Amino acid sequence: MAETVIKVKNLSKRYRIGVREGYKTFRETLVDSVKAPFRRIANIGKPVPKDETIWALKAVSFEVKKGEVLGIIGRNGAGKTTLLKILSRITEPTEGRIELKGRVGSLLEVGSGFHPELSGHENIYLYGAILGMDSYEITKKFDEIVAFAEIEKFIDTPVKRYSSGMYMRLAFAVAAHLEPEILLVDEVLAVGDAAFQKKCLGKMGKVAEEGRTVLFVSHNMGAIESLCHRGILLESGEKAFESEIHSVVSKYLSKSYETLEDPLKNCARLGNGKIHVVDFHLESPDGEVLKAARSGEPIVFCFKFENRDCLSNEKVSFCFSVYTDKEFALFHYYSHFSNIYFQDLPKQGWAKCLIPELYLSPGNYLVMSYTLVSGERADWPQAFLPITVVGADFYGTGNPNLSSWGPMLVKGKWAVKEI
Amino acid sequence: MLDSNSNITIIEPKKGLVAVDLKELWNYRELLYFLTKRDIKVRYKQTILGGLWAIIQPVFTMVVFTIFFGRMAKMPSNDIPYPIFVYAGLLPWTYFANALSASGESLVGSANLITKVYFPRLIVPTAASLAGLLDFFIAMLVLLGMMVYYQLVPSFQILLFPFLLGLTFLCAVGAGLWLSALNVQYRDIRYVIPFLIQIWMFVSPVIYPMSLVPEKYHWLLALNPMAGVIGAFRSSLLGHHPIDWTLLGISSLIIVIILLSGVYYFRKMERTFADVI
């Protein structure tokens, strides 16, 4: 049994948030700016009122064993970064206790220690020292770092002249060659082009194979699933779920998009009204309700309908279209395009369409539904139904698709032929 | 670098007085070196005159002061030529003023580091104060030239010179710790610093000799630690006048108090730096 290297017990962190100020007139602003210094001086040292604080983490406990790669998942503001900041001692917890065994290295944001005026060479030493390496260690790895970043030619150029890609590559290269026993990584893989991202992921995988412990925060479920063994799901500062990584990811996806109100409830509708589509959701092929789909994976679009007055011999064609979040239409798919019509519909039911491979890149999209009865428009709810698509290993290469260059993804067979 | 053997780190909310972790500071000594080097290298990047600025600033100030205070106001200068008198005072003062404003701004200027990486924060204002020493030594060359020109020979008191420079550095660090930590919380400090430095110069014997101040008010001047230090600096370099040991003693004591209280306050505020910066 491997030893426990991270022990987190009842960790809580309270942040102070400013009180929101309402709209003010110019006169009030003037008067306030004169009064404010006196009020602030009077308030120095007084305890902060309760409603001005927020618990970014609440009683979080977990343990990590040596050599384990733990994924931390959660929506924005769930406390992931706060957790890593406390673990890397950047900020102090309000309550609780952590025991860490071994040297800790954190990659919370690569390149924050760089100075733009200094050359690549000088910055490697500076950033290395900031991350806790000594110069002997950096000298030993210097060539490796430069080669990894692919910046050999520019090593004596000030980094302010670097392209942003080169800058990030160099920063990641230095950080990746830090050899701590515990590595904390926050969303740093979103740097550089796809090839470099693959290299970064490979490096991270290697770190894990060497028996070091990694805590990994990302919104990229593909990267999380390919790297991590176990996962923790954080929800508004609390640990909601902890398990083997795949079940944590599924749990997260099934919970991740809660819309405030059902847009199909009270929307305007066009059409003769023989059928009403009243509900919509996404499902996995095994029938599990999802609020997010994954690039390249099978997904079922499900529309709940009410049959108001269709005659039993009338042919019904269901349809849905997908738009980008900027309301730009991407596709349109009537069942009759595939020569599929439905007859003898029940009073209520679900119309489901299985898409075997979803060719959408990660992002937010909008869905619209249409229904034709006997070739006539029966129902067109004037409402956009939001869906989310998250990244996954679309190309099947082990490198999760990280590009967000437009909404569509394709894959095919490449070849070169001599003319 | 951090210890690579598997020692255990405990992270807990800290309460009350927190001692300075000297072992950890020692482990991060290379960071102090690299940050100082960075500040030195960056200072005159993309300037035409480069390191000459370290000379131009005090020399021009000396010329202006000589014209206005030396010639026009006929300021007494302990029987030595006013230009070298004022320059010997400006030398430690310029270093002190630059080091103080650099360290006062240092934490806020490194906000991106402080919110992203852990290291002993004490290093930041210390490195900022250290970096100014290079300028000091460059400006010192001019003083040496003037000493040859005016044929002034330092006495044995010159042996005190490293000690006085050390005191100036500690005074800048001590006050810099206070200001930089306060600056994180209250950005008012940013506007206070230039103002403070200006006032501070006029209550220090830079442009006038201590003898200009009536004897009975000397104790009041002694509360300003730079008063004793600048007086002693001038005496040790120009050798015209014995060092006022009482004054220097009081100044040293006050510097130690500023430094210790600065470290204490800094350590106390350090925990929330990343949250409020």
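The values are calculated or read from the model by the stated rules, or taken from the named source; none is laboratory data. As the structure is a computational prediction, the values presented were derived from the model and not from experiment. Counting neighbours? That spans all protein chains shown, and the Cβs are built from the backbone with ideal geometry, glycine included. Accessible surface areas use protein heavy atoms only, side chains included; no ligands, DNA or RNA. Shrake-Rupley method; radii C 1.70, N 1.55, O 1.52, S 1.80 Å.
Residues of the stretch B:200-246 being over 18 Å from B:Phe65 (Cβ atoms), among the polar types (S, T, N, Q) and open to solvent by 30 Å² or more (accessible area, probe 1.4 Å), which ones? Across the stretch B:200-246, the qualifying residue is only B:Thr246.
The requirement of being farther than 25 Å from A:Lys85 by Cα and in contact with a helix residue (DSSP H, G or I) (Cβ under 9 Å, 6 or more places away or on another chain) is fulfilled somewhere in the stretch A:172-194, by at least one residue. Take the residues of the stretch B:152-188 that are more than 17 Å from the chain's Cα centre (by Cα) and under 19 Å from B:Phe266 (Cα atoms): which is surrounded by the most Cβ atoms within 10 Å (Cβ to Cβ)? If we take residues in the stretch B:152-188 being more than 17 Å from the chain's Cα centre (by Cα) and under 19 Å from B:Phe266 (Cα atoms), then B:Asn183 is surrounded by the most Cβ atoms within 10 Å (Cβ to Cβ).
If you take the residues in the stretch A:13-70 that are assigned to a loop (DSSP other than H, G, I, E, B) and among the hydrophobic types (A, V, I, L, M, F, W, C), which one is modelled with the lowest pLDDT?
Once the filter is applied, the top-ranked residue is A:Val19.
Scan A:Asn313, A:Asn339 and give me the residue that is open to solvent by 70 Å² or more (accessible area, probe 1.4 Å) and free of Cβ contacts under 8 Å to residues at least 24 places away in the same chain. Checking each option against the conditions leaves just A:Asn339.
Checking A:Gly67, A:Gly77 one by one, the residue that is closer than 25 Å to B:Thr9 by Cα and more than 9 Å from chain B (Cβ to nearest Cβ) is A:Gly67 and no other.
Among the residues of the stretch A:117-165, those that are more than 14 Å from every other protein chain (Cβ to nearest Cβ), among the β-branched types (Val, Ile, Thr) and either out of contact with any Lys or Arg (no Cβ under 8 Å at 6 or more places or on another chain) or within 24 Å of A:Glu181 (Cα to Cα) (or both) comprise A:Ile145, A:Val146, A:Ile155. One residue stands out among those in the stretch A:49-59 that are more than 13 Å from chain B (Cβ to nearest Cβ) and not small (Gly, Ala, Ser): the one that is most open to solvent (accessible area, probe 1.4 Å), which is A:Lys50.
To keep it simple, each residue is scored yes or no on (1) aromatic (Phe, Trp, Tyr); (2) out of contact with any Asp or Glu (no Cβ under 9 Å at 6 or more places or on another chain); (3) without any contact (Cβ under 8 Å) to a residue 40 or more places away in the chain.
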| position | (1), (2), (3) |
| --- | --- |
| B:Ser155 | no, yes, no |
| B:Phe161 | yes, yes, no |
| B:Asp188 | no, yes, yes |
| B:Val206 | no, yes, no |
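The number of residues in the stretch B:33-64 that are under 24 Å from B:Ala102 (Cα atoms) and more than 14 Å from chain A (Cβ to nearest Cβ) comes to 14.
Checking A:Ser361, A:Ser284 one by one, the residue that is touching a Pro at 6+ places or on another chain (Cβ under 8 Å), of a type in the set (Ser, Thr, Tyr) and closer than 16 Å to A:Pro386 by Cα is A:Ser361 and no other. Look at the stretch A:267-279 and say how many of its residues are open to solvent by 30 Å² or more (accessible area, probe 1.4 Å), among the hydrophobic types (A, V, I, L, M, F, W, C) and outside any loop (DSSP other than H, G, I, E, B). Qualifying residue count, the stretch A:267-279: 2.
Scanning the stretch B:168-205 for residues that are of a type in the set (Val, Ile, Thr) and under 30 Å from B:Phe85 (Cα atoms) returns B:Thr168, B:Val173, B:Val192, B:Ile193, B:Ile197, B:Ile199, B:Val203. Which of the residues spanning the stretch A:248-286 are at pLDDT 85 or above, among the polar types (S, T, N, Q) and more than 27 Å from A:Glu376 (Cβ to Cβ)? Across the stretch A:248-286, the qualifying residue is only A:Ser284. Tell me whether the stretch A:134-142 contains one or more residues that are closer than 18 Å to A:Leu107 by Cβ and at pLDDT below 85. No, because not a single residue in the stretch A:134-142 is closer than 18 Å to A:Leu107 by Cβ and at pLDDT below 85. Of all residues in the stretch A:280-321, those satisfying the criterion of being in contact with a strand residue (DSSP E or B) (Cβ under 7 Å, 6 or more places away or on another chain) and of a type in the set (Ser, Thr, Tyr) are A:Ser284, A:Ser295, A:Ser317, A:Ser321.
Of the numbered criteria (1) within 20 Å of A:Val5 (Cα to Cα); (2) within 14 Å of another protein chain (Cβ to nearest Cβ); (3) crowded, with 21+ Cβ neighbours inside 10 Å, the one A:Glu99 fails is (3). How many residues are crowded, with 21+ Cβ neighbours inside 10 Å and under 17 Å from A:Leu108 (Cα atoms) when one looks only at the stretch A:60-77? Selection size over the stretch A:60-77: 6.
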